[in-house]
Amino acid sequence: MRTRNDHVPMSSPLPVSGASGHVAPPVPGVRLGQVLGQGGFATVYAGEQVSLGRPVAVKIDSRPLHDERNRRRFMREMAAASRISGHPNAVSLIDSGVLPDGRPYLVMERCDGGSLAQVLQRGGLSAAQAVSIVMAVCSALGAAHDAGVLHRDIKPGNILIDAYGSPRLSDFGLAAVQREGIDSSVTLETMTPDFAPPEAFTLAAPSPRGDVWSMGAVLFALLTGRGPRRTADGAPQSLPEIINHLSVPIDTSDARIPEALRPLLDRALHPDPAQRYRDGNELTEALTRAGGLSYGAFSTPHSALRDSHPLPAAISTPTAGSRRSSRALMLLALGVTAGVVISAAVLGAVRLIDSVPSANRAAQGASASPVLHAGARVEQGAGSRPSATARATVPGSRKASPSPTAAPTPAQVNAQGIPYSDDMPWPLGTCLSRTTSVVGGTSVSQVDCSQADWIVFAGGTFDPATTASSATEAMTHDPQVEAACTSDYAQRYGLDLSTSYTINTLGPNDEEWAAGSRGFACVLGRL
């Protein structure tokens, strides 16, 4: 990622149709397309990163940074924001800079699933859906606060939906840039009244507790279908009315807010910042504890958004049966090569379950083929843990699953009922890419979800009673792997199983196994 004004060829601006009829400004390294959205102080364009041909979104602020000091401050803010780009619930920042006319811009990954603002147009969500969504994006906010980054503009429109149906907190950066010499009326005008904390209206110094208030307001809106400063029928208040009531606590007695959630909202939305949760991490912990309350079972953020808002397909897949068969043969060949050339220190296998749409699944499950051990080196990616090994079965080789009554039970599940453990090599929701070298070695690293081959949907820790002498052996026979890495949990996590997919298990390499590492992750990919 570049965080300075490098000398790169400018893309040719493309005419942009729209009400304004304006022409998109040239942005280094990006070919701009149509306007995706426009507000009073910024315009968002669809674009393509020229070097990679990757779709991006470009946000250009209409307010120039007039002096070098403010420009340097902006670039420092962007460098800080880039440190959380690897979080699975934060939109990744690809580039940033300042145009020749002084306007700052951000180049971000593009999430084409819409935003929570569009979801809210249909009304409120269930408590389980709302809490699971906010808990996911709040974990990204906590990571930002750990990195010293404030958001300052949390609202439903800045929580986007990616191709997997995951909520992603966006727009770190422009809202957080402090500009000297700006009139206070302009600052007030840039705020979204429903979601701005009380202290923002008095131009007090921002803090993580202000972001907490805004995140609480998003949860309030998801539960009720209206912002916390609106009347019961959804009518907005005027700015003078809002300012006159800044010290009055938000009324959380709406019948759509479960009784058990009201203390959490009362604290998050407290008029006094000192009485709120300290930061995004503390609010995330409170939301996690709320998962055990009696208002209903959690759904995952993916399924919550899928149920409430139509989403694009998670991962593009070929539809022809011949393509699927040839891909299976390619995996088989790579496995043979890897088994020959990979050293014992990184030897493992990938446990691969080949699946077809549910209508054809039953006809395929009973076949049995020889197991193939494939070497796989799993490299550390941004925000991930060190190398892990994986084990692979030839596509179609998995035996028919035992009956539900005989199936092993995961040792630990989270509030959504998904198997997990703290020992997992990657946390739930992590997006991974795999690369096979010319000699057959496979490396896996964390990537933007738009570029992913796999997504982590479950995991756990190998059975403590295992007698396996290696991760390869454990991933073949361990009951916890069999219990967790199933299509049932992939579906519960919210992944689309209507097209051909694979389920893989990633675990420790031989060195890590010898050192006592016992965690594994279940990932889903497409054929």
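The values are calculated or read from the model by the stated rules, or taken from the named source; none is laboratory data. Just so it is clear, the model here is predicted, and its values are computed rather than measured. Positions of Cβ are backbone-derived with ideal geometry, glycine not excepted, and every protein chain shown enters the neighbour counts.
A few comments on the model shown:
- Unique match (being free of Cβ contacts under 8 Å to residues at least 60 places away in the same chain and among the charged types (D, E, K, R)) among Arg76, Arg122, Arg63: Arg76
- Any chance Gly47 is modelled with pLDDT of 60 or more, surrounded by fewer than 17 Cβ atoms within 10 Å (Cβ to Cβ) and not in a loop (DSSP other than H, G, I, E, B): no
- Qualifying residue in region 467-480 (condition: within 18 Å of the chain's Cα centre (by Cα) and not assigned by TED's automatic domain parsing to the domain that holds Leu169): no
- Residue within region 244-254 that is surrounded by fewer than 17 Cβ atoms within 10 Å (Cβ to Cβ), of a type in the set (S, T, N, Q), over 30 Å from the mean Cα position of the chain (by Cα) and modelled with pLDDT under 90 present: no
- Residue within region 210-227 that is in the same structural domain as His151 (by TED's automatic domain parsing), more than 27 Å from Ala90 (Cα to Cα) and either crowded, with 16+ Cβ neighbours inside 10 Å or at pLDDT below 90 (or both) present: no
- Any chance Ser96 is among the small types (Gly, Ala, Ser), touching a strand residue (DSSP E or B) at 6+ places or on another chain (Cβ under 8 Å) and buried (at least 23 other Cβ atoms within 10 Å of the Cβ): yes
- When Gly97, Gly102 are checked against the criterion of being touching a helix residue (DSSP H, G or I) at 6+ places or on another chain (Cβ under 9 Å), farther than 23 Å from Ser433 by Cα and not in a loop (DSSP other than H, G, I, E, B), Gly97 stands alone in meeting it.
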